[in-house]
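The values are calculated or read from the model by the stated rules, or taken from the named source; none is laboratory data. Quantities reported herein were computed from a predicted structural model and do not represent experimental measurements. Heads up, the Cβs are rebuilt from the backbone with ideal geometry, glycines too, and the neighbour counts pull from every protein chain shown.
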Amino acid sequence: MPPNLIALIALALLFDFLNGVHDSSNLVATVISSRALPPRLALMLTAAAVFTGPFLLGVAVAETIGAQVVVSSAITLEVILAALCTAILWNLLTWFLGVPSSSSHALIGGLVGAAWMSAGLGAIQFGGVEKVLISLFLSPLLGLTIGFLTTRLVFFLARNATPGVNIFFKRAQVLTAMGLALSYGANDAQKTMGVITLGLVIHGALDAFRVPLWVILVSAGAIALGISTGGWRLIRTLGGRFYKIKPVDGFCTQAASAGVIFSASLLGGPVSSTQVVGAAILGVGAAERLNKVRWGVAGEIAVAWIITIPATALLSAALYWLGGRIFG
């Protein structure tokens, strides 16, 4: 196995691990903030469910990322290395700033920017990019809408309930949190699987794009390990800066988010769990009352969502060009 392929796999798994650290907030913020589970137990259970996700729900998202965004015959391993370096740098920057940005956006932007710099627009499959962009930008709107509608429905059904109903929602959150984690494992972990498999195809280790079992195992393991460490800066942002989250809020947020991410995973659409969960939190809060949500914080995060793809595409193109100048 050549050094550049080894470097690609190592960087892909590092990205996967950091993706888990970065996105742990999406999966556990509400269940921790509502005190349904203690932090360490929440992270451990979530990590186990994330690891299981790809084995239960398939690898359709990996095929989208690896086979439908860039033309494998038109790019090199160095293109993927530049994309991974870009996504890692973006994850580290947004983690340090405590901004729940999208690792998915960063990876897609990195692939598009490096492929364009390497082989021109002909290396980009615009039909696949369109599918990815539709998934990435439509999913938050669905999260917001479904979160809003779910909360209104739950409030209607529980309109005559006693305060003891909060005990039910606190316990039910454990189930919805595990459902969210399973759907996440079937979506986010697969982006790394797609990148590694694409590298194997380019190198000639595979004659066609199909995800080997060992790639599924190491990718699911890396992201689960990242989640188990926890991204506490981001957990605080999602768990408390929008508004004070109660058990019913956490239940509705997780149910809505899991539904959106699960559906996208089955259809092969890569989504940003950061966007989906953040939007669902907003929808749930707005369903109670609009002034409950701190919309200024939501606006700051929305700006980060919007600029991620163009910023990472430019950064990846620059890294690829710089690498070519240094290493020839």
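Where residues in region 86-116 are among the hydroxyl-bearing types (Ser, Thr, Tyr) and in a helix (DSSP H, G or I), which of them is farthest from ALA29 (Cα to Cα)?
Restricting attention to region 86-116, the residues satisfying the condition of being among the hydroxyl-bearing types (Ser, Thr, Tyr) are 86, 94, 101-104.
So of that shortlist, the ones also in a helix (DSSP H, G or I) come out as 86, 94, 103-104.
Working: THR86: 26, THR94: 17, SER103: 17, SER104: 19 Å.
Checking each candidate, the answer is THR86.
Considering only region 55-73, I want to know if a residue exists there that is modelled with pLDDT under 80, of a type in the set (S, T, N, Q) and assigned to a loop (DSSP other than H, G, I, E, B).
No: region 55-73 contains no residue that is modelled with pLDDT under 80, of a type in the set (S, T, N, Q) and assigned to a loop (DSSP other than H, G, I, E, B).
What's the number of the condition LEU182 fails, among (1) among the hydrophobic types (A, V, I, L, M, F, W, C); (2) over 25 Å from the mean Cα position of the chain (by Cα); (3) under 14 Å from GLY53 (Cα atoms)?
(2)
So, in region 175-210, exactly how many residues are part of a loop (DSSP other than H, G, I, E, B) and buried (at least 24 other Cβ atoms within 10 Å of the Cβ)?
Of the residues in that region, 2 qualify.
Tell me which residues, restricted to region 123-157, are farther than 30 Å from ALA313 by Cα and surrounded by 14 or more Cβ atoms within 10 Å (Cβ to Cβ).
Passing the criteria: ILE146, GLY147, PHE148, LEU149, THR150, THR151, ARG152, VAL154, PHE155.
Can you pull out every residue in region 4-41 that is farther than 27 Å from SER135 by Cβ, at pLDDT 80 or above and hydrophobic (A, V, I, L, M, F, W, C)?
Within region 4-41, LEU5, ILE6, ALA7, ALA10, LEU41 qualify.
The rows are residues; the columns are (1) within 29 Å of LEU45 (Cα to Cα); (2) modelled with pLDDT under 85; (3) over 22 Å from the mean Cα position of the chain (by Cα).
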| residue | (1), (2), (3) |
| --- | --- |
| ALA220 | yes, no, no |
| TYR243 | yes, yes, yes |
| THR253 | yes, no, no |
| ALA256 | yes, no, no |
| VAL260 | yes, no, no |
| ALA264 | yes, no, no |
| SER273 | yes, yes, no |
| GLU288 | no, yes, yes |
| LEU322 | no, no, yes |
